Structure formats: C-alpha cells, structure tokens
Amino acid sequence: MKNKIGVYVCHCGGNISDVIDVNKVREEAEKMGGVAIAKHTIFACADSSQKEIAEDIKNLELDGIVVASCSPKLHLLTFRSVAERAGLNPYNYVHANIREQSSWAHSDDKKGATEKAISLVRSAVERVSHSVAMDPVSISAQNVVAVVGAGVAGMKAAIELADMGSQVYLIEKSHYVGGRTSQWGKLFLPGETGKSVVENLYQEVKKRQNINLFTGAELVSKKGSVGNFEIEVKITSRGVKKDADASTIEKAIEVCPEEVSDEFNFGLTNRKALMNFHPGQFPEIAAIDAATCTKCGKCAEVSDAIDLNLEEERITLQAGSLMITTGFDPYEPEKSEFGYGDYDNVITLPQLERHLELSNGKDLVINGKKIRSMAYIYCVGSRQPNGENKYCSRYCCTSAVHSAIKVREKVPDMTVYHINRGIRTYGKQEVLYEQSSKNGDIYIQFTEDTFPEVSSNGKHTVVKVNDLLTAGKELEIEPDLVVLVTGMTPRKDDAIGDTLKLPRGRDKFYNEIHPKLRPVETTIDGVLIAGVCQGPKNITETVKSSLAASAKTYSLLKREEITLEPIMAKVDAEKCEVCDNCSAACPFGAFEFVEENGKKVAKVNESNCKGCGMCLPVCPTDAIELSGYTNSEIEEMIDALTESDY
C-alpha cells in the first residue's frame, strides 16, 4: 500500500472546469487515504505543470501519482514520462479521465459531473495505491521487412527501406508487379503514364541488392511476433524461362487452346492460359496461369522455354516486421445497376480507361460504334444510401473528369455529360474541373433521393435524371456511351487478412490504430499497412502512406531491440490446470505449454501478448492475472466506486 500519493486535477482550459467544480474534486482528493498532496492546474500537460509534478515527486518522495484530466489516449505517455524523469516508476501512475467520462458526458448536470469526477479520482487513488513497479520487456529484432504486395505502395516502400539499410522481401501474388497502376494510361498528378510509373519503380527495385522480389508468391502462414516473425511463402512457378526467345513464346501462346477473359483489360479481351505481359507489366516475361492451364503440352512442343512442371514451392522467411500493401479492387456493378449488363454501351470507368489504351486512331470505337456523346454517372459503388459502401472513394471524381479531358483530346467534338452528386476534385485536382468546364462538359447534379435511371427506348439508351442545378427539372439524355464511375473496394481475396488477423474498419478496408496519431500501424505490433488496402487514395497519397509506413518500420527495427509494454498476462503455475481455454481465447497466439517442475502449465509468450485480457475470464481456476490491472487493483477500484458517498 502506498501512502504518499500525489493527485493533480486539470481544468483542461475550461473543457473540464466549465462543468466540474475542480477545486471541490481537489478538496475531496486531499481527504482520501494515502494522498499526500492534491492540486489543480489549468493545463496539466503544459511544460510548467509537468515540471511542478516532477518536483513534487522528488521533494515529497511520492510513491504514486494520479492525474485527473482528458483521455489517456492523448497524455498517458506524457505523464508516464514525467514520473520517469522524476525517478518514479511510470507504472505507479494512474490516469483518471474526467473529461470524456464526466464533464463532456454530463455537461447538462454540473453537480452530478462533479460527484462522478470525485468517484473516478477515488477509484484511481485506490488503484495506484495497489500498483507495483514494472519494467518494459526488451526483445531482439531483425532489421528485415517483408512487404506483401508489389504495387506502387509496396515497391516504393521496399526502395525506401532498402536505402535506409533494411533487408526487404517484396512478395507479390501475381506474376507481375505494378498492381492497378499498370492498367492506367496517362495520369494526372504524376504527369506520367501508369506504365512509366511502374517501370521506374521496378527498375529501382532491381538495382538494390538488399531487395528480394518474389512474384507468383503468397504469404500463407505467420508465426512469432514483432522483431522475429517467421512467415511461410508459397511460390508458383511462372513456367517460362527468363531467357526465353520472344518469337517462340508468341508461337506457343498461339497454339495454347485455353482461352479466358483477360482481367487486366476488365474482360474487354481474352487471353490464353499461357499469358503474355501487357505494356506496363513487369518483369516482361510470359507466364502460365496455373489455374487455367490443362497441361496439354502444345506450348511446350513449340518452345523449349516452357516448363509445365508448375509445382508449388514453400519457403520460410524471417522478418522483424510485415508491411501490407495489397491494394484494392474496382467496384463491380450489380446486374442491371444503371443498366450494367443489360446494354452493351454501359461500361465502367476502368473499362473506358482500357478502351482508351487499346484503341488506335482518332476515333473512340466501342462495340463497333463510333462514340460521339457520353454520360458519366458518378458514385457507383460509393456513398451508397442503401448499400454497404457508405464511404466516398475520393479518387473517382478526379479520374472521371481527367478521363473526359483525355477523351476530348482524342475526339474534340465529343459531347460529355457528368451526372454527379457533387464534384470532389480537391486540392490541385481542381484545375481538371476547370479545364473540363472550359471544354464545354455539361454537369448535372442529382441527390441520393433521385438517382438517375438508365433504360432503352428501342433505338437508344436513355438516361433520366432530375437536375438539382435546374430546380429538379427532369432531363432525358440519349448518349452513345454510359460510363459508370465506380469506386474502390477492398480486395475480394482476403486470405492475407485472415492469415494475419488484420482488423477491418466499417468500410471493410484494413484499419489503422488512429488516422492521425498512428496512421499506418495496426493493433498487431510489427504489422503495418500502407496504400489503398487501408482506404481509397490516389497515387500521391499512396506514396506518402508508404513512406510513412517505411519510416515507422525502420524506426522500430533499426535499434535491433524493441521495448514492449509490460502490461501482459501472467500465469500462476500452481493454479494452472492446462484446460487450454486461455489459448483458445487469445487472439494473438500468446500462450504455449511447457514443463515446469514436472508439471505441464500454460506460459505466456511476452512478445506476443498485447495485454487485452481476453484470457482472464475464461480461466476456471483464476490462474491468470494482468500486470498493471491485477485483481487487487480492479477490486479496490470497484469497492471505491460502490462505497463512495457520491
């Protein structure tokens, strides 16, 4: 039990003191058992207040402190540092949140808010009086990073990490790097084509000896923890020798009998099971689609560079951290959604982008028809009032407007309609909207209550829309082409997410801990996310995200030693009956079973344990406690709350 506790109650510049009688809280704190000093301060987090707390700890030899202020998410580490600088173990400090839990929650009841704040402080005093000194856990770390996904984000991260001195394993499931960017033509923000962006990054990857690129590779399992992950990677042979003669490969492709829809061109063309690379795909080597190939042997008869032995290889890699950069899938409209699948002149924006790349000459010809007018319908698959995708995909408006500008460069007399719910070309992208307007594009705005309707009058495809900009007037348009501006969605294949148990947000993209304070970290230590796998981004934002993740990863691994929170589960070996409930409940695989004094008992792998407490309630013998939140600490807090006069 501690008997020299300091209590500091913060006004939070009025956020707390405008509702709570801070002085009364201080007066009541002085009366609490074990409290040696109680003060109130305008801003406890201010440098002057921190110095005052540190001086009190030293001069009064305080053995515990309580700071009653805002959320511990903001300043828990701040006051731990104050305690440590003053010579007090940082885990002998307890934070009482009287802003979010009292003043903000009960702003209409000042008396009740004050009484609740006193109760919260009383429970914090009881907890700190039973707290024990703890030391952080240190583990060794390898300066090796496994980057999963070799699109723009993955390659850029690999290059930056390699230049900082890390060994990098770059793992790409496809036989080609570049992700979605390789499918696009001229880009707005980089001022380049998707092909050139991917090629430049790929060439930089090839230059660095400390980057190992694996294509046709998939991470299938993970063991270990931050600093010392062990991952298993499944690699599928591409079936074509690197030094293969291009002419013989082309003949082999011609004789291949298996033909399927080409996903690179979004189904606009077909490809063979022996598939050749598209412009913008690297390495520039053909590959066999193992899922489609029947191993008939016809291609091998034409070219001795073909190897139909497509057996999988499994390799084990050691890494200090993992970075996930697996990208996105474009939204695929439902059958009959805005006429999609019903009319052959209703296509998606990604399909239009591929049409522009595949078409030659000055005309835009789709399904044998010259296009002279087109209507873009925005927010297809985004901002859905009745669907799953409530979010804005952010990049779609810019992409559609930029696409229209490119179409006009090809066909200057094209008539273009933009049927939208409000154009969001933010930042520098606003110049595109200006240029589009000057080109004569027509903007029509609808609301979520009056979506456009696409139908046919027997001769033409008709788009009906109530235009908000003309006081809801119903307009009918007969465009040659309808383009559905589709948003970004999470990858349909989420094997990597399941393997790593990556948390997802409400939008189903991978979720960071905090969008501002910890924007590229996940709740799994050592596993970071970057790029579009965590939410819609354009290329510039994707690159910035990958750089942030690279810097965070390197700062974690460069010291070759990682310090972990000591708040973790502890097992009382005498009480343990090895029921395995704890292991089944643990989401992080932190439990293992060992022989101890001739008895098999559960043991916690400290580097895996996150202190979540999931194991505590399932233990039938109460053999597990959580350091920093022991039974005695929590029970005394509960007693203080229930026995309080307030």
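All of the numbers you see were taken from the coordinates with simple rules; none came from a lab. Since the model is a prediction, treat every value here as computed from it, not as a measurement. Note that we place each Cβ from the backbone using ideal geometry, even for glycine, and neighbour counts take in every protein chain shown.
Find, among the trypsin sites (Lys or Arg not before Pro) in the stretch 194-290, those assigned to loop by DSSP (not H, G, I, E, B) with at most 11 other beta-carbon atoms within 10 angstrom.
Sites meeting the loop and neighbour criteria: LYS242.
Once you list every other residue whose beta carbon is under 13 Å from the beta carbon of LEU77, what net charge do they have if Lys and Arg are +1 and Asp and Glu are -1?
Details: positive: LYS73, ARG80, ARG85, ARG518; negative: GLU84, GLU565.
The answer is +2.
Quick one: which residues, 5 or more positions from TYR443 or on another chain, have an amide H under 5 Å from its amide H? H modelled 1.01 Å from N in the peptide plane, none for Pro or chain starts.
So TYR443 has HN proximity to HIS418.
What residues qualify as long-range amide H neighbours of VAL240, i.e. H under 5 Å apart, gap of 5 or more or another chain, H built at 1.01 Å from N?
Amide H to amide H, under 5 Å and 5 or more residues apart or across chains, VAL240 pairs with ILE288, ASP307.
Modelled label-to-label distance, LYS207 and ASN631, 7 Å Cα→beta-carbon offset: nm?
Between LYS207 and ASN631, the label points sit 6.2 nm apart.
Show me the trypsin sites (Lys or Arg not before Pro) within the stretch 564-632 that DSSP assigns to loop and that have at most 16 other Cβ atoms within 10 Å of their Cβ.
Working: sites: LYS570, LYS575, LYS599, LYS600, LYS603, LYS610; in loops: LYS575, LYS610.
Of the trypsin sites (Lys or Arg not before Pro), the ones in loops of the stretch 564-632 whose Cβ has at most 16 other Cβ atoms within 10 Å are LYS575.
Where nothing but the Cβ of Lys and Arg (+1) and of Asp and Glu (-1) is charged, how large is the charge dipole of the stretch 441-507 around its Cα centre, in debye to the nearest 20?
On the way: 8 positive and 13 negative charges, 73 e Å.
Dipole about the Cα centre, nearest 20: 340 debye.
For the stretch 538-578, what is Rg from Cα atoms divided by 2.2 N^0.38 Å, rounded to two decimals? Let's see the in-between values first.
Numbers: Rg = 19.2 Å, N = 41, 2.2 N^0.38 = 9.0 Å.
Ratio of Rg to 2.2 N^0.38 Å for the stretch 538-578: 2.13.
Name the residue from LEU556, GLY327, VAL416 whose Cα lies farthest towards the positive end of the charge dipole of the chain, charges +1 on Cβ of Lys and Arg and -1 on Cβ of Asp and Glu.
Value: VAL416.
May I ask you to sort THR292, THR41, THR621 by Cβ crowding, counting other Cβ atoms within 10 Å and putting the fewest first? Mind dumping the intermediate values first?
Numbers: THR292 15, THR41 21, THR621 12.
Fewest-to-most ranking of THR292, THR41, THR621: THR621, THR292, THR41.
Once label points are set 7 Å from the Cα along Cα→Cβ at both LYS362 and LYS516, what is their separation, rounded to one decimal in nm?
Going by the 7 Å Cα→Cβ label model, 5.4 nm.
Full-extension gain between GLU560 and LYS223, please, as 0.36 nm times their residue separation minus the C-alpha to C-alpha distance.
Numbers: separation 337, 0.36 × 337 = 121.32 nm, distance 1.91 nm.
Result: 119.4 nm gained on full extension.
Using 25 Å as the Cα-Cα cut-off, could you pick out the over-long pairs in LYS116/LYS516; LYS206/LYS544; LYS206/LYS241? Present the calculation step by step, with values, prior to reporting the outcome.
Details: LYS116/LYS516 30 Å; LYS206/LYS544 22 Å; LYS206/LYS241 18 Å.
As for pairs spanning more than 25 Å Cα to Cα, those are LYS116/LYS516.
With Cα Rg over 2.2 N^0.38 Å in mind, check [x] 1.01; [y] 1.42; [z] 1.19 and report the label derived from this structure.
The value computed from this structure is option [z].
Taking square-rooted eigenvalues a ≥ b ≥ c of the alpha carbon gyration tensor, is the stretch 1-58 rounded, prolate or oblate, where a/c under 1.5 means rounded and, failing that, a/b exceeding b/c means prolate?
Working: a/c = 3.31, a/b = 1.23, b/c = 2.70.
The shape class here is oblate.
Quick one: TYR395, TYR443, fewest Cβ neighbours within 10 Å first, how do they rank? Provide the component values of the computation, followed by the final result.
Details: TYR395 21, TYR443 17.
Ascending number of Cβ neighbours within 10 Å: TYR443, TYR395.
Determine the dipole magnitude for the stretch 5-133: charges of +1 sit on the beta-carbon of Lys and Arg, -1 on that of Asp and Glu, nothing else is charged, the reference point is the Cα centre, and the result goes in debye to the nearest 20. Spell out each step's value before the answer.
On the way: 15 positive and 17 negative charges, 34 e Å.
Dipole size: approximately 160 debye.
Averaging sequence separations of C-alpha pairs under 8 Å and six or more residues apart, then dividing by the length of the stretch 246-310, give the relative contact order as a whole percent. All intermediate terms of the calculation are to be shown ahead of the outcome.
Working: 78 pairs, mean separation 22.0, N = 65.
Relative contact order here is 34 percent.
Using modelled amide H (1.01 Å from N, peptide plane; none on Pro or chain starts), what sits under 5 Å from the amide H of THR415, excluding residues fewer than 5 places away?
SER373, MET374
Mind pulling the angle between the C-alpha long axis of helix 110-129 and the longest principal axis of the chain? Nearest 10 degrees, somewhere in 0 to 90.
Orientation of helix 110-129: about 80 degrees from the principal axis.
Would you order ILE20, ILE567, ILE477, ILE419 from fewest to most other beta-carbon atoms within 10 Å of each residue's own beta-carbon?
Least crowded to most crowded, the residues run ILE567, ILE477, ILE419, ILE20.
Mind putting a number on the dipole of the stretch 378-510 about its Cα centre? Charges go on the C-beta only, +1 for Lys and Arg and -1 for Asp and Glu, and I need it in Debye to the nearest 20.
Numbers: 19 positive and 18 negative charges, 116 e Å.
Using Cβ point charges on Lys, Arg, Asp and Glu, the stretch 378-510 gives about 560 debye.
Taking the chain as the reference, fit the longest principal axis to its C-alpha atoms, fit the long axis of helix 631-643 to the helix C-alpha atoms, and give the angle between the two in degrees, 0 to 90, nearest 10.
Roughly 70 degrees between the two axes.
Hey, if you put +1 on the Cβ of every Lys and Arg and -1 on every Asp and Glu Cβ in the chain, which of ASN360, SER627, LEU213 ends up farthest toward the positive end of that dipole?
The Cα lying farthest towards the positive end belongs to ASN360.
Antiparallel DSSP bridges in the stretch 309-449: what percent, to the nearest 5? Before the final figure, lay out the partial values.
Working: 2 of 12 bridges.
Here the antiparallel bridges make up roughly 15 percent for the stretch 309-449.
Length gain on complete extension for the stretch ALA495 to GLU476, per 0.36 nm per residue less the alpha carbon to alpha carbon distance? Walk me through the numbers on the way to the answer.
Working: separation 19, 0.36 × 19 = 6.84 nm, distance 4.50 nm.
Roughly 2.3 nm would be gained on extension.
Given the options ILE442, ALA252, ILE65, identify the residue whose Cα lies farthest towards the positive end of the charge dipole of the chain (+1 on Cβ of Lys, Arg; -1 on Cβ of Asp, Glu).
It is ILE442, whose Cα lies furthest towards the positive end.
Taking LYS223 as the anchor, which aspartates and glutamates have their alpha carbon closer than 18 Å to its alpha carbon, excluding any fewer than eight residues away along the same chain?
LYS223 reaches GLU232, ASP498, ASP525, GLU592, GLU606.
Using only the alpha-carbon atoms, how far is helix 539-557 inclined from the longest principal axis of the chain? Give it as 0 to 90 degrees, nearest 10.
Tilt of helix 539-557: around 40 degrees.
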